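The values are calculated or read from the model by the stated rules, or taken from the named source; none is laboratory data. Since the structure is predicted, the reported quantities are computational estimates derived from the model, not experimental observations. Quick reminder, even Gly has a Cβ in these numbers, built from the backbone with ideal geometry, and neighbours come from all protein chains shown. Ligands, DNA and RNA are excluded from the accessible area calculation, which covers all protein heavy atoms including side chains. Shrake-Rupley method; radii C 1.70, N 1.55, O 1.52, S 1.80 Å.
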Amino acid sequence: MAGALVAAAVAAVLSPPGRSVVHSLRKAVGVENAQTELFSLPARGRLLVSGKGGTWIVNADGSRRRLGVYRDAAFSPHGIFIAATKQNELVALDPKGNVRWTLPRRSPRFPAWTGSFTDTRIAYVAGGRLHVIAGDGTGDQVIGPAARIAPAWRPGPGHVVAYATRGKAVVYDVDSGRVLLRAPPGLPRKLAWSDDGKLLLVFRPVGLRVYDAHGHVVDQDDPSDATHDADAVFAPGTHRLAIIRIHGTQSDVFGAASFNGSGRFGQLVFSPGGRWLLVSWPTANQWVFVRAGHPRRIVGVSRISSQFGGFPRLDGWCCGG
């Protein structure tokens, strides 16, 4: 049924009436009337982004702080700290950029932080292996061979992580040392969990799959030969996906939110609570905020590269007060 819902959403977005409405909104807001500065976020929380210009935090009021020159970054639970990577260091810092600890490792990438206020873990990839370390920088543990894909912690109790290894996705219980799930062969580009930890997204540009706890496919998306998917995310608090579909010189977001434009969209990230979806649009040098519910609203922001020293990657939108 979930697959049918996705198919229906695709049909609605790509139908002539649907395309006309979305296209007119894009023309009016996403391009012609886009803000020239990011004056504020449309929802609570803070954005974390990284790129050539370093790693930045963007606050809800539009103020932004450059944390330093890091490759990639991730919020800790509740957004109290940030894990980031340099060429040969894993770093933990606060939102003001003050470094709390560092760990020398060869080319660490893709930190992911999980846990409670008092018990946290960071997963990261270094030297072709998945590592897990405590949030205070102690007890670094090598789990096993890993591809250069960001690991994803399952929400909820315990410490269960999905990661890519030997051409497939694996779900591993760090506490027990047990493999809970091995997905069929096919190296993913992205792994993500639904908020309730019941579904795992294994994203590939051609052949997206969603698995339940028993390893059964409960949703999938297989683009035609002329198209591919660029990104997918679960809407917070739901099992619905928003997906970027690329076809020729056109991009569409469909599913949990919809938006359409020329060129290529890059990434998707939902605001805390899921009312807004941020679509990165590198070819237009824009971010587009799409209200996922009603009334429909779209807010475009241009000149993103000049505000961040290059067009940044979206690392997360976290933890509004």
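Below are the figures for this structure:
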| read-out | value |
| --- | --- |
| Region 94-107 residues that are in contact (Cβ under 8 Å) with a residue 12 or more places away in the chain and under 23 Å from ARG65 (Cβ atoms), paired with ones that are among the polar types (S, T, N, Q) and not in a loop (DSSP other than H, G, I, E, B) (beta carbon under 7 Å, 6 or more apart) | none |
| Qualifying position, being at negative phi and without any contact (Cβ under 8 Å) to a residue 12 or more places away in the chain, among SER76, SER63 | SER63 |
| Condition check for VAL142: open to solvent by less than 30 Å² (accessible area, probe 1.4 Å), out of contact with any Cys (no Cβ under 9 Å at 6 or more places or on another chain) and either farther than 30 Å from SER306 by Cβ or part of a loop (DSSP other than H, G, I, E, B) (or both) | no |
| Region 54-86: number of residues that are under 22 Å from THR118 (Cβ atoms), surrounded by fewer than 16 Cβ atoms within 10 Å (Cβ to Cβ) and among the hydrophobic types (A, V, I, L, M, F, W, C) | 1 |
| Sole residue being at pLDDT below 95 and either of a type in the set (Ser, Thr, Tyr) or touching an Asp or Glu at 6+ places or on another chain (Cβ under 6 Å) (or both), chosen from GLY18, GLY79, GLY3 | GLY3 |
| Checklist (1) modelled with pLDDT under 95; (2) of a type outside the set (Val, Ile, Thr); (3) in contact with a strand residue (DSSP E or B) (Cβ under 9 Å, 6 or more places away or on another chain) applied to ASP231, failing item | (1) |
| Exclusive hit being in contact with a strand residue (DSSP E or B) (Cβ under 7 Å, 6 or more places away or on another chain), under 30 Å from SER63 (Cβ atoms), among the small types (Gly, Ala, Ser) and surrounded by fewer than 23 Cβ atoms within 10 Å (Cβ to Cβ), set SER306, SER302, SER262, SER271 | SER302 |
